[in-house]
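> Quick one: the structure is below, questions incoming.
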Amino acid sequence: MASLNKSTKLVVLSVVLIILLVFLHYIRILQPIENLFVRLISPILRVTYQASDFVGEKYLDYKTKDELLNENKKLRDQIASLLQEKSLWLSEREENDFLSKQMSFATKNNYDFEIARVIGKNVDETRNVIVVDKGENSGLKAGMPVMADQGMLVGKIMKVNKNDSLVLLVNDDLSKVAAKIQNESRTIGIIEGEFGLGMKMRLIPQTEQLKEEDIVVTSGLEENIPQGLIIGQIESITKEPENLFQEASIKSFVDFNRILLVNIIKGKK
Amino acid sequence: MLKAIRIILLTLLLIISELSIVPKLPSVMSHLGPIIVFLVFVAVVYQFYQAVIWAIILGLMMESFSVFPFGTMIIGYVITIYICYFVFVHLFTNKSFYTLIIMTILGTVVFRTMIIVFQYLIDFIHLGSLVLDGQILINSARETAWQVLFNVILVIIIYTVFHHSSRRFKAVFIDTIKNN
């Protein structure tokens with residue numbers, strides 16, 4: 001009860017005090033005190049406000065820097081992702097171009113073909129062999145010609161597994177392809193690999209007239225290999241009077257290290 | 001004399017922090033209300049009448065920097081303290097850490113609500129009609145929630161500092177944190 005009375009007293013006192021203060025304010029008696037207080041505290045408030053502002057600005061600078069760094073990182077990630085996308089798109093476009101060229105080539109020549117992707121090279125690196133992702137299941141057989149671009153022969157199937165095959169490239173020293181030069185006399189010979197460094201056309205009679213830059217194509221004398229597939233062009237001719245045959249160095253139009261997709265001709269439709 | 005200097009310094013510190021430090025705090029932290037935290041702390045930990053005196057003094061000083069008509073801040077602070085005290089006396093049996101937190105939440109909500117009501121009343125007097133915009137009310141509620149959060153954090157910090165530095169303070173509270 002005493003506590004309640006005390007509280008009531010306090011309430012009454014504070015209400016009276018507030019009314020008095022408001023009254024004194026409105027009759028301007030409090031004004032000098034208020035003005036003095038504002039005058040005294042204003043400089044302190046100004047200094048502390050400026051200090052807080054400075055600290056706040058520093059914090060904002062730091063935060064902005066942090067945000068910029070984060071944004072920069074995000075943009076870099078975005079660029080990386082876009083580059084990856086672009087690379088994928090380019091590779092898909094390349095693949096698409098290749099497929100459409102092969103399709104038109106095969107359709108024009110009435111070939112039954114199989115597109116395969118290069119999935120590796122031979123493991124021992126002693127042979128110039130590539131591994132492709134199609135095999136017996138796709139109807140491939142040893143000896144079938146493999147092309148890298150429209151009619152550009154790059155090798156022959158050497159070994160066939162269920163789902164992959166080994167392709168012996170024409171520049172391997174084990175490779176032998178019956179060929180002919182597209183000159184007036186349709187000179188025939190054998191293209192042999194030169195340990196992965198290039199190709200030589202051998203068994204060309206001395207009497208044949210050859211020219212550099214003549215195109216060399218398959219002769220069609222081999223089983224499974226149709227005639228007219230481009231092998232390369234003559235780079236240089238070696239003609240020794242004492243030899244029975246002359247030789248020609250052949251330069252391929254294909255970079256054997258950059259073959260990604262191949263077209264394997266399975267035969268005529 | 002020393003006590004008087006201490007009171008003046010404390011008053012200045014509260015006014016300065018409320019007017020020039022807190023508003024420059026980053027983002028939502030600028031909703032912190034050190035004066036209301038202080039008043040509730042005094043009302044709960046020390047004497048109720050002391051809190052009323054502080055409310056009148058601080059309210060009077062804040063009036064000079066307030067956009068409201070003279071008396072609004074004093075009335076706001078004093079009524080807040082009275083409501084907190086009323087709830088404290090009728091609903092709580094003793095002083096504890098949790099009481100202090102609940103009183104801080106209550107004090108913050110009551111004071112903010114009163115300020116919003118005053119604002120609407122002044123607008124009503126000036127415009128002659130009451131404009132109740134949903135978005136403004138949602139924003140006010142959001143700001144109140146932030147203020148409650150930061151005020152509670154502040155009171156926890158003050159409590160922890162006092163708890164570890166004053167034996168008298170420990171004696172006032174029942175220890176609700178100690179493990180048995």
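> For segment A:166-188, how many residues meet the condition of being part of a loop (DSSP other than H, G, I, E, B) and on the phi < 0 side of the Ramachandran plot?
So the count comes out to 11.
> To continue, here is another question. Go through the residues of segment A:205-215 one by one and say whether even a single one is within 26 Å of residue A:241 (Cβ to Cβ), touching a residue at least 40 places away in the same chain (Cβ under 8 Å) and assigned by TED's automatic domain parsing to the domain that holds residue A:143.
yes
> For residues that are touching a helix residue (DSSP H, G or I) at 6+ places or on another chain (Cβ under 9 Å) and either in a strand (DSSP E or B) or β-branched (Val, Ile, Thr) (or both), scanning just segment A:147-165, find the one that is surrounded by the most Cβ atoms within 10 Å (Cβ to Cβ).
A:155
> Here's something else I'd like to know. Can you find a residue in segment A:137-145 that is within 25 Å of residue A:208 (Cβ to Cβ), out of contact with any Pro (no Cβ under 6 Å at 6 or more places or on another chain), without any contact (Cβ under 8 Å) to a residue 40 or more places away in the chain and part of a loop (DSSP other than H, G, I, E, B)?
So far as segment A:137-145 goes, no, none of its residues is within 25 Å of residue A:208 (Cβ to Cβ), out of contact with any Pro (no Cβ under 6 Å at 6 or more places or on another chain), without any contact (Cβ under 8 Å) to a residue 40 or more places away in the chain and part of a loop (DSSP other than H, G, I, E, B).
> Can we say residue B:40 is more than 8 Å from every other protein chain (Cβ to nearest Cβ), in contact with a Cys (Cβ under 9 Å, 6 or more places away or on another chain) and in contact (Cβ under 8 Å) with a residue 24 or more places away in the chain?
It is true that residue B:40 is more than 8 Å from every other protein chain (Cβ to nearest Cβ), in contact with a Cys (Cβ under 9 Å, 6 or more places away or on another chain) and in contact (Cβ under 8 Å) with a residue 24 or more places away in the chain.
> Inspect segment B:59-76 for any residue being among the hydroxyl-bearing types (Ser, Thr, Tyr) and within 11 Å of another protein chain (Cβ to nearest Cβ) and give the result as yes or no.
Within segment B:59-76 (the criterion being among the hydroxyl-bearing types (Ser, Thr, Tyr) and within 11 Å of another protein chain (Cβ to nearest Cβ)), the answer is yes, since at least one residue qualifies.
> Looking at segment B:87-102, is at least one residue within 12 Å of the chain's Cα centre (by Cα) and under 18 Å from residue B:18 (Cβ atoms)?
Scanning segment B:87-102 turns up no residue that is within 12 Å of the chain's Cα centre (by Cα) and under 18 Å from residue B:18 (Cβ atoms).
> Which is more than 14 Å from every other protein chain (Cβ to nearest Cβ), of a type outside the set (Phe, Trp, Tyr), surrounded by 15 or more Cβ atoms within 10 Å (Cβ to Cβ) and farther than 29 Å from residue A:19 by Cβ, of B:101, B:5?
Unique residue meeting the criteria: B:101.
> Could you tell me which residue of segment B:20-31 is modelled with the lowest pLDDT, considering only residues that are surrounded by 17 or more Cβ atoms within 10 Å (Cβ to Cβ) and within 13 Å of residue A:50 (Cβ to Cβ)?
Result: B:24.
> Pairs needed: first member in segment B:135-155, of a type in the set (Asp, Glu); second member anywhere, in a helix (DSSP H, G or I) and at pLDDT 90 or above; C-beta distance under 8 Å; at least 6 residues apart or different chains.
B:143/B:112
> Residue A:105 fails exactly one of the following numbered conditions: (1) of a type outside the set (Lys, Arg); (2) under 20 Å from residue A:170 (Cβ atoms); (3) out of contact with any Gly (no Cβ under 7 Å at 6 or more places or on another chain). What is the number of that condition?
That leaves (3) as the condition not met.
> Residue A:143 - would you say it is in contact with a strand residue (DSSP E or B) (Cβ under 9 Å, 6 or more places away or on another chain) and either surrounded by fewer than 18 Cβ atoms within 10 Å (Cβ to Cβ) or charged (D, E, K, R) (or both)?
Answer is yes for this residue.
> For segment B:48-57, enumerate the residues that are surrounded by fewer than 22 Cβ atoms within 10 Å (Cβ to Cβ) and either under 14 Å from residue A:22 (Cα atoms) or under 11 Å from the mean Cα position of the chain (by Cα) (or both).
Once the filter is applied, which keeps residues that are surrounded by fewer than 22 Cβ atoms within 10 Å (Cβ to Cβ) and either under 14 Å from residue A:22 (Cα atoms) or under 11 Å from the mean Cα position of the chain (by Cα) (or both), segment B:48-57 yields B:56, B:57.
So that you can scan it fast, the table gives a plain yes or no per residue for (1) without any contact (Cβ under 8 Å) to a residue 24 or more places away in the chain; (2) of a type in the set (Gly, Ala, Ser); (3) surrounded by 10 or more Cβ atoms within 10 Å (Cβ to Cβ):
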site: A:8; (1), (2), (3): yes, no, yes
site: A:28; (1), (2), (3): yes, no, no
site: A:60; (1), (2), (3): yes, no, yes
site: A:73; (1), (2), (3): yes, no, yes
site: A:102; (1), (2), (3): no, no, yes
site: A:111; (1), (2), (3): no, no, yes
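> Further, regarding this structure: Would you confirm, using the coordinates I've provided, whether residue B:156 is assigned to a helix (DSSP H, G or I) and touching a Phe, Trp or Tyr at 6+ places or on another chain (Cβ under 8 Å)?
no
> Which residue, of A:50, A:102, is at pLDDT below 85, part of a helix (DSSP H, G or I) and either within 13 Å of another protein chain (Cβ to nearest Cβ) or under 30 Å from residue B:90 (Cα atoms) (or both)?
Sole residue among the options that is at pLDDT below 85, part of a helix (DSSP H, G or I) and either within 13 Å of another protein chain (Cβ to nearest Cβ) or under 30 Å from residue B:90 (Cα atoms) (or both): A:50.
> If you take the residues of segment B:45-58 that are more than 9 Å from chain A (Cβ to nearest Cβ) and hydrophobic (A, V, I, L, M, F, W, C), which of them is farthest from residue B:7 (Cα to Cα)?
Across segment B:45-58, the extreme among qualifying residues is B:45.
> Here's a check for you: in segment A:231-244, which residue that is in contact with an Asp or Glu (Cβ under 9 Å, 6 or more places away or on another chain) and not polar (S, T, N, Q) is surrounded by the most Cβ atoms within 10 Å (Cβ to Cβ)?
A:234
> Moving on to the next point. For residue A:161, which of the numbered conditions (1) more than 27 Å from the chain's Cα centre (by Cα); (2) closer than 18 Å to residue A:198 by Cβ; (3) of a type outside the set (A, V, I, L, M, F, W, C) fails to hold?
Tallying (1) more than 27 Å from the chain's Cα centre (by Cα); (2) closer than 18 Å to residue A:198 by Cβ; (3) of a type outside the set (A, V, I, L, M, F, W, C), residue A:161 fails exactly one: (2).
The values are calculated or read from the model by the stated rules, or taken from the named source; none is laboratory data. Given the structure is predicted, the values throughout are model-derived calculations rather than measurements. Glycine gets a Cβ as well: all are built from the backbone with ideal geometry, and neighbour counts include every protein chain shown.
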